[in-house]
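The structure appears below as structure tokens.
FYI, it's all coordinate maths here, none of it is from the lab. On a predicted model such as this, the values are computed, not experimentally measured, just so you know. Cβ: placed from backbone, ideal geometry, glycine included. Neighbour counts: every protein chain shown.
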Amino acid sequence: MLAKSTSALAVFIGTALLSQAAIAQSCKDQDFQEQFLTWLKHSRIKLQVPAKNFVEMSHLTTSREINANTSYIRCKEWPAKAGHRLILATIPMSEKEAMENKETFELDAVIFVMNANSQIASSSPILKKYLYSDGAFLTDVIFDTARYQLDKNTIAFGIRLGHQVGRWDTFGSISLDLFFERGSSLLHALKSIPVYKSSHNKGINCGAVTEEFNRSLSMADSKSEGLTNIRVVQKSKTTSESVSPKEPNICIEKVTPEAYRSTTLRFNGSHYEIPSDWTQ
């Protein structure tokens, strides 16, 4: 359930956008909005800004403008738990904060699991600056509901964040976070491991170079601190252009053989540790 192929960043994101109408509909749940407002009111962090509007999160991927007193939300059914829904909601900004975030933005967010009775069953802490768009624009926010079975009774879900920058020389990335329930809390088990990256340098005179990698996650047979280890396999390749020796006006393309490497992520009691050379 992992990253996609080369030109596939757009395909990956486009596929998710096809279901926006359904997502937006499920996010219009009045019960959730009331629950969210109650949660904000009783949050340990005293929030000064009321949430007056709820807007589907696709707004953030198509516009740089942040509206004050607005919570941007994304929802998805959680197949692993019948009748449960996953909801990601941003913390509203004040008028002043919204003005300061006109060109770029950094939004705090919180994740909820709602049960079949439309009650908040569990929630994450406030995730500071979780959604951002600066030099790299936020392209999508996607719930990953693959079955990450951490132990017999614990299933994690993921959130994939896509970013892209540039028009001539381009860079795209997708990172993955994993969360699982512990009572009424959602624990942030895996923090922002890159699962897809692609950089394209257009160059001149047949000098284009494209580098990319995809990473796939699977559950290992071993455990650490009671939770199943996660195996990560990376597949990478480089595509480059050069001038044809026979036809100077023609570019020829060369693809290097795919390279593979792997690692194992182990739970340390609070989260899965990512080796330093796998954080980029």
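Annotations
- Built amide H within the under 5 Å cut-off of Arg261, gap 5+: Gln234
- Charge context of Ser222, other residues only, Cβ under 11 angstrom, K/R +1, D/E -1: +2
- Convex hull of Cα atoms in the range 123-248, direction-averaged projection (nm²): 10.5 nm²
- Formal net charge of residues neighbouring Pro257 (Cβ-Cβ distance under 13 Å; K, R +1; D, E -1): +2
- Likely footprinting exposure, Met93, Met57, Met219, Met99, fewest C-beta neighbours within 10 Å first: Met99, Met219, Met93, Met57
- Using the Cβ of Ser122 as centre and a radius below 14 Å, the other residues enclosed give a net charge of +2, where K and R count +1 and D and E count -1.
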